[in-house]
1. Please state the relative contact order of the range 275-394 as a whole percent: Cα pairs under 8 Å, 6+ residues apart?
2. Put +1 on the Cβ of each Lys and Arg and -1 on the Cβ of each Asp and Glu in the chain; which of Phe413, Gln62, Thr17 then has its Cα farthest toward the positive end of the dipole?
3. Rounded to the nearest Å, what's the spacing between the alpha carbon centres of the range 300-334 and the range 105-137? Just the number, please.
4. For the range 201-310, list log₁₀ I(q)/I(0) at each q in 0.19 Å⁻¹, using the Debye formula over Cα point scatterers of equal strength and ignoring solvent, two decimals each.
5. Longest segment of the chain with no chymotrypsin sites (Phe, Trp or Tyr not before Pro) in a DSSP loop having at most 16 other Cβ atoms within 10 Å?
6. Past 21 Å, Cα to Cα, is the threshold; run Lys143/Lys425; Lys224/Lys425; Lys224/Lys300 against it and keep the listed order.
7. Calculate what fraction, in whole %, of the accessible area of the chain sits on carbon and sulfur atoms when a 1.4 Å probe is rolled over the protein chains.
8. Express the relative contact order of the range 1-116 as a whole percentage, based on alpha carbon pairs under 8 Å and six or more residues apart in sequence.
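The values are calculated or read from the model by the stated rules, or taken from the named source; none is laboratory data. Every value quoted in this text rests on a predicted model; they were computed, and no experiment measured them. Ideal geometry is used to build each Cβ from the backbone, glycine not excepted, and the neighbour counts take in all protein chains shown. Each accessible area value is taken on the protein alone, full model and side chains, heavy atoms only, with ligands, DNA and RNA left out. Shrake-Rupley method; radii C 1.70, N 1.55, O 1.52, S 1.80 Å.
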Amino acid sequence: MSASSISSFGVKNRQLTPTERWLCFAALFFLGFTATFNQFKAAPAIQFIGADLGMGVDMLSQIMGVFSIAGMILAYPGMLVMQRWGVKFSIVVTSLIQLLGSVMCMVSTNTAMFLFGRTLEGVAYGLICVIGPNIMPRLFPLKDQGLCMGIWSQWTPVGVVISFFVAPIIFEAAGGAAVAFSWRPIWIVSIAMEVISIIWLLASCRMPEIPENELVASDPTKRKKPGRNFTVAGMIVCAFFFVWVFDYVANINTLYPTFLQNEKGLSVFDSAMLPNWTAIISIPLGIVCGVAADKFHFRKWMVAGGYLLVAVLMAFFYFTPGTDMTGPWIASILMGVAGAMVPTGTRAITPVLVPEPKKTDFVLATMAFATGVAQVVGGYIVSPIVSSIGWQANAQFVLAQLAILAAVMVAVFVTSDGKVADIRKKEAESDSE
């Protein structure tokens, strides 16, 4: 079977209706938060997984590490796979790889088999990081990009919330620390989610005959002429997504519960709830930010402002000394606002800055690569930095400074999407003549 015939799998011989677009989107979103659930489902029971499989404490970080490394390596290859083999084929194969990895983890009897399964789960996650956002400009017209990217950006918070709520409940229901295999039912739940996802994708994942980002005002009789691409600006905003992932995922999502337990005296459950509130708040606000971005064209300032907010929270609120919880609660709530602004704004502004399809793919792949690099680097250096200079110094002199740098780079070097909208309007008028 040729690549061209495979790439046409799931492609209609017409443009999609709005209902078909959103059904496809729903299937992709379910796959996305299932992948995020897979990433974080190990965290609540990680020490018991290690004990069951004979892993020492020094090896536990590999359970998360192999997952992130795979995602980093596959960022750009994933883009090429999608371009050559088509969206539906690529996303179904990705789902099958994820399912295989989870099954291997569930039935594993030794460390090597379990870590190989985790690697396959990470491969799928890395591919979804690339393929997911790259589908959106093909599936939805530019006027709807803020809304669809606003919703799509919540695949990570939704997965985080589900994993930190559901995984501990399943673990305790299966016997908890008293039962050696009580972590395995967590994987059974993820396998069930993956099977549902594959069936849903096969039934609902459809692509239009002509990608929407090649059309003028969704008119299949009018193709866009080559327009101006602000590729450097797109690369900057996507590359500096590293800062968001490093500050939020590698530090707050991973280590903040430990800080709250050791420095504030919170229980394991209570310490996990503060980062969870951040994710819960960012979900509805992210959608609102996406809709507002479409209407007011302020994606650039949404991203820059979000990074500045992160800097303030890291410097003054997150890691306060003593047992007072005012700072942590303020930080966790307002970080939900930043979580709505930065990921949504970054994904929404990219197809605006870089409308040429293959260049859009490349720039969004850079965002996926930055995500993987931040997770891998964070896994190796965050703990040593905290051990060396302490929680508060890490927040003030590393995390806050990185956020300020990102805000400045976006503010100075990224073209305003309001200005770009004026340019696109003139280009559209020219295309319609």
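1. Details: 101 pairs, mean separation 39.6, N = 120.
Here the relative contact order equals 33 percent.
2. Thr17
3. About 32 Å separates the Cα centre of the range 300-334 from the one of the range 105-137.
4. Debye curve over Cα of the range 201-310, log10 I(q)/I(0) at q = 0.19 Å⁻¹: -1.16.
5. Numbers: sites that count: Phe9, Phe181.
It works out to 182-433.
6. Violating the 21 Å limit, Cα to Cα: Lys224/Lys300.
7. Details: 11820 of 16900 Å².
Exposed carbon and sulfur together represent 70 percent of the surface.
8. Working: 56 pairs, mean separation 44.9, N = 116.
Relative contact order for the range 1-116 comes out at 39 percent.
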